[in-house]
Amino acid sequence: MATAGALLGQGAAVTLLERGEIGRESSWAGGGILSPLCPWDYPDEVNRLALRGMNMFGDLAGTLQQTTGIDPQYRRCGMLVLPPLDVQAASDWCATHGMQAEKCDDGLFLPEVAQARNPRLLQALRARVEKLGGRIVEQCEVRQIVAEAGRVRHLATTRGDFCADAFIVTAGAWSKVLLGEHALKADIKPIRGQMLLFKFDTPPLPHIVLQGDIYLIPRSDGHLLLGSTREDVGFDKSTTDEVREMLLQRGIALLPALRDMPVVKHWAGLRPASPGNIPTIGRHPQLPNLYINSGHFRYGVTMSPAAVEVLLNTINGTPQPFDVTPYLWR
Ligand SMILES: Cc1cc2nc3c(=O)[nH]c(=O)nc-3n(C[C@H](O)[C@H](O)[C@H](O)COP(=O)(O)OP(=O)(O)OC[C@H]3O[C@@H](n4cnc5c(N)ncnc54)[C@H](O)[C@@H]3O)c2cc1C
């Protein structure tokens, strides 16, 4: 939807084909932290896109709210990173990468880290697509990309064939399956993440708290998210009692008030995982009217404005903000 919105904004006619209901998969399931969890642990290829996306997000959220009336609840709440952590090395990394960081007794505080509320962000993105005249076709599964004479001719779907001048694959964890023989080295697979949701009367924390893979994300209305896991279980979106218990124990250790709180909801989503967390963004090397913007793994929401920018520059033949070689479709 982010890709579609930007294309519509520059005057293209866009149709979005969605197997189920749009915006209900990984993008709905995620936490909406707008930063890599520990950026110093990632290569430049990840941070380049993520930090640019992070910096663009405030404007995107503002535009979405103004044009659709739906507030994605973008908020610069900050994130406290707790040990185990090499505080000095992390704060040195922040200093050299222009990211604010404050050393404190219990870890490192990153005041610029923001959050968005995924379901609302998705509602706003959908409303923007519709307002700009985009067509959304739901319950429409793309079954096959039909190529002929070196170009994609049409998409065969459960609701008939769809023709266009160009086609963009943004099918998240399912992108490789959808592409079939055309996937080449786009190596994207599902990695499950489970989340728990609680509701307090008022926010129990002023900022996001992170320890290892476990985080607490306070929403402004008192909801609190506790996540997550990285499970290599194929296309299985079920939740498990073991993970629920593990998350509860880890959450209570971070925030004892959770002990008395009921779990409001427990869900799982499938991240579109790529080697090194490096997405594939660009044109197919043999089919010039086929593009991809997928495989953003743990940071697809954070990266989205920058990933869209890179894709549109590729389509338009305009200069890129940085070296995009690592994301090319090979
Ligand atoms: C638990 C969890 C926590 C996360 N936390 C964060 C976070 O804090 N910050 C962050 O930046 N990222 C986070 N992420 C990652 C982020 O959610 C993803 O990287 C991002 O949402 C991927 O977006 P996408 O549009 O590529 O995929 P999706 O949102 O999964 O969308 C893909 C869509 O394609 C559709 N589709 C698939 N196959 C077909 C087909 N054949 N035909 C038609 N439609 C099809 C699907 O139904 C789906 O709607 C998290 C993810 C999870 C699961």
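The values are calculated or read from the model by the stated rules, or taken from the named source; none is laboratory data. What you are looking at is a predicted structure, and each value in this text was computed from that prediction instead of being measured. Don't worry about glycine lacking a Cβ; one is built from the backbone with ideal geometry, like all the others, and counts go over all protein chains shown.
At a glance:
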{"item": "Number of the exception - residue 57 against (1) in a loop (DSSP other than H, G, I, E, B); (2) within 13 Å of the ligand (Cβ to nearest atom)", "result": "(1)"}
{"item": "Spans of strands (runs of 3 or more DSSP E) in the range 98-208 with at least 3 residues out of contact with any His (no Cβ under 6 Å at 6 or more places or on another chain)", "result": "102-104, 107-110, 135-137, 142-148, 151-157, 167-169, 189-199"}
{"item": "Search result, residues across the range 134-170 that are of a type in the set (Asp, Glu) and either more than 14 Å from the ligand (Cβ to nearest atom) or free of Cβ contacts under 8 Å to residues at least 40 places away in the same chain (or both)", "result": "148, 161, 165"}
{"item": "Some residue of the range 195-210 being in contact with a Ser or Thr (Cβ under 8 Å, 6 or more places away or on another chain) and closer than 16 Å to residue 257 by Cα", "result": "yes"}
{"item": "Count of the range 284-330 residues which are at pLDDT 95 or above, more than 16 Å from the ligand (Cβ to nearest atom) and in contact with a strand residue (DSSP E or B) (Cβ under 9 Å, 6 or more places away or on another chain)", "result": "9"}
{"item": "Flag for residue 310 being aliphatic (A, V, I, L, M) and crowded, with 17+ Cβ neighbours inside 10 Å", "result": "yes"}
{"item": "Residue in the range 249-273 that is surrounded by the most Cβ atoms within 10 Å (Cβ to Cβ), counting only those that are without any contact (Cβ under 8 Å) to a residue 60 or more places away in the chain and within 16 Å of the ligand (Cβ to nearest atom)", "result": "251"}
{"item": "Qualifying residue in the range 214-221 (condition: among the polar types (S, T, N, Q), out of contact with any helix residue (DSSP H, G or I) (no Cβ under 9 Å at 6 or more places or on another chain) and closer than 30 Å to residue 320 by Cβ)", "result": "no"}
{"item": "Residue in the range 4-41 that is farthest from the ligand (Cβ to nearest atom), counting only those that are assigned to a loop (DSSP other than H, G, I, E, B) and under 20 Å from residue 310 (Cα atoms)", "result": "11"}
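Let's see how each residue does on (1) within 16 Å of residue 31 (Cβ to Cβ); (2) out of contact with any Leu (no Cβ under 6 Å at 6 or more places or on another chain):
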| residue | (1), (2) |
| --- | --- |
| 146 | no, yes |
| 150 | no, yes |
| 166 | no, yes |
| 170 | no, yes |
| 180 | no, yes |
| 185 | no, yes |
| 214 | yes, yes |
| 217 | yes, no |
| 246 | no, yes |
